[in-house]
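Since every read-out is calculated from the coordinates, none of them should be taken as a lab result. Note that the structure is a prediction, hence the values are computed from the model and not measured. Every residue, glycine among them, receives a Cβ derived from its backbone with ideal geometry; neighbour counts consider all protein chains shown.
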Amino acid sequence: MPAKGTKGKNRKQELINATLDCIANEGLQKTTVRNVAEYANVTNGLIRFYFSGKDELIRAAYSALLEIMYVNARCEINDQDVCAKTRLQHFIQATLSEPIVSPRTVLLWANFLPMTYIDPEMAAIRTNEYAKTTKILEPLIRAALATEDISVDHHECEVLAIKINALIDGLWLEGSMASYKFKDNELVNIGIDSASAILSISLENI
């Protein structure tokens, strides 16, 4: 028997997934409660049982998109028995591979982006998820540098995390919009080579 509340959580997630599908196919302006209901094959009333309206639905969908990206990146670095350099390489690999690198992900991200500058709650979601990435990168970078007896203070590590994050963001866009340019693990290896140059340490290609 499903745990109490599981059915409701699954239904809510189904509505969020339908919202993401609607945005990807129709655009944000045409993503209404009615259209999402059609994508989910449910009534408008069911959506309003879980969400107060379109604004809350859109925020939930945006949060879910960023969480998907965050979870896929994080799952590659949880094994503390793996060498610090390797965990950093795995993070770069995860963030520069499917499903994070894909036209759909960029399309959804681009639809949401303007709203993060006019809706304070959307801005807060973006800021919080960006902070998660920084919290992942900083200890990874510090540990990777420590393997070569390089020590950095908090500010230096923060700057390095910003540089690596900017590198990943740029390659993510390039790989998602022009995947034909890259063969096999080429995009990942460009990321690893560039991160090696930024950190002045040697990271092995995948």
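Any of 85/163; 12/135; 9/54 with alpha carbons more than 22 Å apart? Name them for me.
Numbers: 85/163 17 Å; 12/135 28 Å; 9/54 18 Å.
The answer is 12/135.
Over the chain, calculate the relative contact order: mean separation of alpha carbon pairs under 8 Å at least 6 apart, over the residue count, as a percent.
Values: 195 pairs, mean separation 41.6, N = 206.
That works out to 20 percent.
Quick check: pseudo-label points 7 Å beyond the Cα along Cα→Cβ at residue 198 and residue 78, how many nm apart are they?
Distance between the two pseudo-spin positions: 2.5 nm.
By how many degrees, 0 to 90 and rounded to 10, does the Cα axis of helix 103-112 deviate from the longest principal axis of the chain?
Once rounded, one gets 70 degrees.
Note down the net charge around residue 124, summing +1 for each Lys or Arg and -1 for each Asp or Glu among other residues with Cβ under 15 Å from its Cβ.
Combined, the nearby Lys, Arg, Asp and Glu give -3.
For the stretch 49-104, compute the orientation-averaged projected area of the C-alpha convex hull (one quarter of its surface), in nm². Each step should come with its number before you reach the end.
Working: hull surface 20.3 nm².
Convex hull of Cα atoms, orientation-averaged projection: 5.1 nm².
Name the most mobile residue of 77, 100, 150, meaning the one with the largest mean-square fluctuation, in a Gaussian network model of the chain with Cα contacts below 10 Å.
In this elastic network of the chain, the residue with the biggest mean-square fluctuation among 77, 100, 150 is 150.
What value in Å³ per residue do you get for the convex hull of the alpha-carbon atoms in the chain?
Values: hull volume 31.3 nm³, N = 206.
Here the figure is 152 Å³ per residue.
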